[in-house]
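The values are calculated or read from the model by the stated rules, or taken from the named source; none is laboratory data. The shown structure was predicted, so the numbers you read here are calculated from the model rather than taken from an experiment. No Cβ is skipped: glycine too gets one built from the backbone with ideal geometry, and neighbour counts run over all protein chains shown. Each accessible area value is taken on the protein alone, full model and side chains, heavy atoms only, with ligands, DNA and RNA left out. Shrake-Rupley method; radii C 1.70, N 1.55, O 1.52, S 1.80 Å.
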Amino acid sequence: MYPLDPTKALPAEAYRSESAFDHEVRRIWRGGWVFVGTVDQIPNPGDYVTTFLGGHSVTVLRAQDGEVRALSNLCAHRGTPLVDDPVITKRFQCPYHAWTYRDDGELIAVPFTQRDEIDRSAHCLPRYRCEEWHGLLFVSMNLDVPTLAERFAHLEPIAQEHRLGELHHWTSQRSSEEWAANWKLVVTNAMESYHLFHVHPETLEPYTPTSTAYYVVGSADGTATGGAQKGDDDYVLLSLPPNFVGVISGDSFLYQFVEPLAVDRTRTTSGGAFRQRDPEKASRLAGLLTKASSRLSESLVPDFLPEDKWICERGQLAASGEYEPGPLVPMEQVVVDFHHYLDRQLNGAAAPPVTTSADVGIARREVAS
């Protein structure tokens, strides 16, 4: 593993080491809660989506009884993926030898065998923890993790205040692309507002100035930060490690989440949810984020996502060299929180208690007119 001081930047080894990446896959992506999608993606019984947790294919479905479940997407016979593109189904049949499973993972059919020849109860699909938090779906391959309610208790007042669970997720316009950067570079870039003035001087900085960013509350389990924006109420940014960052702006919740593909490659996906079903009636910032993430139409300002991609991929270049990690400034407390998450998941370190704005000392400031 790479040396980790939560108050400092990560060393180059954290972005290039194959052994460190493998350790992260085991302890983070297969050992804790990971954001996988939204409830609006599977509204009806028989709906499902497939995703990957540390390279392992998983099916998240709404069963016939209405329960949301997460099952392995690999046949218990010879490991062939069961399904790819979402369709409506009550059962899952392997395309190789037609072993068939119910939506609770039970093996119910093995062609060309006697009924007692195969112990079907011993070859069910593994079932994983799956929970919802205000419309967001998380899955854990580790059955012993605390509930989402426990994990996000310090963020619950914010979710309630903004009525996140009432939003409509705009599932048809999600956008994904591959970035040539380690997943930690991508997700920490999405978390912090310290870089806006220099990386996004014409796109985000005029609407959400870096100088107005502030800390709300956070811990290794998740952090809320905020900032003022011209012409609208303050935005709130929720960072839910390891892979989800969302911006609450007015009646909109625009988000980005990541999936590690390799030590230097990350799939980055953007999406959003809205109070109204028409996202064009959202706030100015939400409109900017929506157009940037969905590529719906020409924006009045340049798209900021290529700027984020450029700076993350530039950061990945440093992984080929050596440097002494520098200290994180107070405005990067959200990154400190994330590093405590890494230290806990990877090294078993005890995480500090919840941090508040009073602890960080970054007061809210108005946007200059």
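Conditions first: (1) within 18 Å of TYR48 (Cα to Cα); (2) assigned to a loop (DSSP other than H, G, I, E, B); (3) in contact (Cβ under 8 Å) with a residue 12 or more places away in the chain. ASP85 passes all but one, so which condition is the exception?
The failed condition is (3).
Somewhere in region 345-359, is a residue within 26 Å of the chain's Cα centre (by Cα), assigned to a helix (DSSP H, G or I), within 18 Å of ASN189 (Cβ to Cβ) and modelled with pLDDT of 95 or more?
Taking region 345-359 first, the residues within 26 Å of the chain's Cα centre (by Cα) are 345-357.
So of that shortlist, the ones also assigned to a helix (DSSP H, G or I) come out as 345-347, 357.
Imposing the further condition that a residue be within 18 Å of ASN189 (Cβ to Cβ) reduces the set to none.
There is no residue in region 345-359 that is within 26 Å of the chain's Cα centre (by Cα), assigned to a helix (DSSP H, G or I), within 18 Å of ASN189 (Cβ to Cβ) and modelled with pLDDT of 95 or more.
Of the numbered conditions (1) in a strand (DSSP E or B); (2) touching a Phe, Trp or Tyr at 6+ places or on another chain (Cβ under 8 Å); (3) modelled with pLDDT of 95 or more, PRO242 fails exactly one; give the number of that condition.
The number of the failed condition is (1).
What tally of residues in region 245-254 results from selecting those that are touching a helix residue (DSSP H, G or I) at 6+ places or on another chain (Cβ under 7 Å) and part of a strand (DSSP E or B)? Show your work before the answer.
Filtering region 245-254 down to residues touching a helix residue (DSSP H, G or I) at 6+ places or on another chain (Cβ under 7 Å) leaves 245, 247, 249-250, 252-254.
Narrowing the set further to residues that are part of a strand (DSSP E or B) leaves 245, 247, 249, 252-254.
Counting residues in region 245-254 that are touching a helix residue (DSSP H, G or I) at 6+ places or on another chain (Cβ under 7 Å) and part of a strand (DSSP E or B) gives 6.
Filter region 178-210 down to residues that are in a loop (DSSP other than H, G, I, E, B) and in contact with a Lys or Arg (Cβ under 9 Å, 6 or more places away or on another chain) and give me whichever is modelled with the lowest pLDDT. Even if it seems obvious, please write down each step before you answer.
Within region 178-210, the first condition is being in a loop (DSSP other than H, G, I, E, B), and the residues that meet it are 180-182, 192-195, 200-209.
Then keep just the ones that are in contact with a Lys or Arg (Cβ under 9 Å, 6 or more places away or on another chain); that gives 180-182, 206-209.
Values: ALA180: 98, ALA181: 98, ASN182: 98, PRO206: 93, TYR207: 90, THR208: 93, PRO209: 95.
Ranking the qualifying residues of region 178-210, first place goes to TYR207.
State all residues of region 10-35 that are open to solvent by 10 Å² or more (accessible area, probe 1.4 Å) and out of contact with any helix residue (DSSP H, G or I) (no Cβ under 8 Å at 6 or more places or on another chain); if no residue qualifies, say none.
Scanning region 10-35 gives PRO11, SER17, GLU18, SER19, PHE21, ASP22, VAL25, ARG26, ARG30.
Looking only at region 36-48, count how many residues are open to solvent by 10 Å² or more (accessible area, probe 1.4 Å) and part of a loop (DSSP other than H, G, I, E, B).
Qualifying residue count for the region: 4.
Which residues, counting only those in region 39-67, are within 16 Å of GLU132 (Cα to Cα) and touching a helix residue (DSSP H, G or I) at 6+ places or on another chain (Cβ under 7 Å)?
Correct list: ASP40, GLN41, VAL49.
Please verify whether region 100-114 includes one or more residues that are farther than 22 Å from PRO45 by Cα, assigned to a loop (DSSP other than H, G, I, E, B) and open to solvent by 80 Å² or more (accessible area, probe 1.4 Å).
The first filter runs over region 100-114 and keeps only residues farther than 22 Å from PRO45 by Cα, leaving 110-114.
Filter again for assigned to a loop (DSSP other than H, G, I, E, B), leaving 110-114.
Applying the additional criterion that residues be open to solvent by 80 Å² or more (accessible area, probe 1.4 Å) yields 112, 114.
Yes: one or more hits.
Taking ARG275 and the conditions (1) surrounded by 22 or more Cβ atoms within 10 Å (Cβ to Cβ); (2) modelled with pLDDT under 90; (3) more than 24 Å from GLY218 (Cα to Cα), which numbered condition does it fall short on, given that it satisfies the others?
Of everything listed in (1) surrounded by 22 or more Cβ atoms within 10 Å (Cβ to Cβ); (2) modelled with pLDDT under 90; (3) more than 24 Å from GLY218 (Cα to Cα), ARG275 misses just condition (1).
If you check PRO86 against the conditions, is it under 25 Å from THR266 (Cβ atoms) and in contact with an Asp or Glu (Cβ under 9 Å, 6 or more places away or on another chain)? It would help to see each step written out before you state the result.
Numbers: under 25 Å from THR266 (Cβ atoms): yes; in contact with an Asp or Glu (Cβ under 9 Å, 6 or more places away or on another chain): yes.
When the stated conditions are applied, PRO86 passes them.
For region 292-310, state whether one or more residues are of a type in the set (Lys, Arg), under 19 Å from VAL199 (Cα atoms) and at pLDDT 60 or above. Spell out the reasoning first.
Initially, region 292-310 is screened for residues of a type in the set (Lys, Arg), giving 295, 309.
Then keep just the ones that are under 19 Å from VAL199 (Cα atoms); that gives 309.
Going one step further and asking which of them are at pLDDT 60 or above, we end up with 309.
Yes.
May I ask you to list the residues in region 211-239 that are open to solvent by less than 10 Å² (accessible area, probe 1.4 Å), in a strand (DSSP E or B) and of a type in the set (Val, Ile, Thr)?
THR223, the sole residue that qualifies.
Select from region 86-107 the residues that are more than 15 Å from SER72 (Cα to Cα) and of a type in the set (Lys, Arg) and list them in ascending order.
LYS90 - this is the single residue of region 86-107 that is more than 15 Å from SER72 (Cα to Cα) and of a type in the set (Lys, Arg).
Taking the condition of being in contact (Cβ under 8 Å) with a residue 12 or more places away in the chain and closer than 30 Å to ASP337 by Cα, how many residues in region 110-148 meet it?
Selection size over region 110-148: 19.
Of all residues in region 130-150 being of a type in the set (D, E, K, R) and open to solvent by 50 Å² or more (accessible area, probe 1.4 Å), which is nearest to ASN243 (Cα to Cα)? Spell out the reasoning first.
First, pick out the residues of region 130-150 that are of a type in the set (D, E, K, R): 131-132, 144, 150.
Checking the rest, the ones that are also open to solvent by 50 Å² or more (accessible area, probe 1.4 Å) come to 132, 144, 150.
Numbers: GLU132: 16, ASP144: 20, GLU150: 18 Å.
That would be GLU132.
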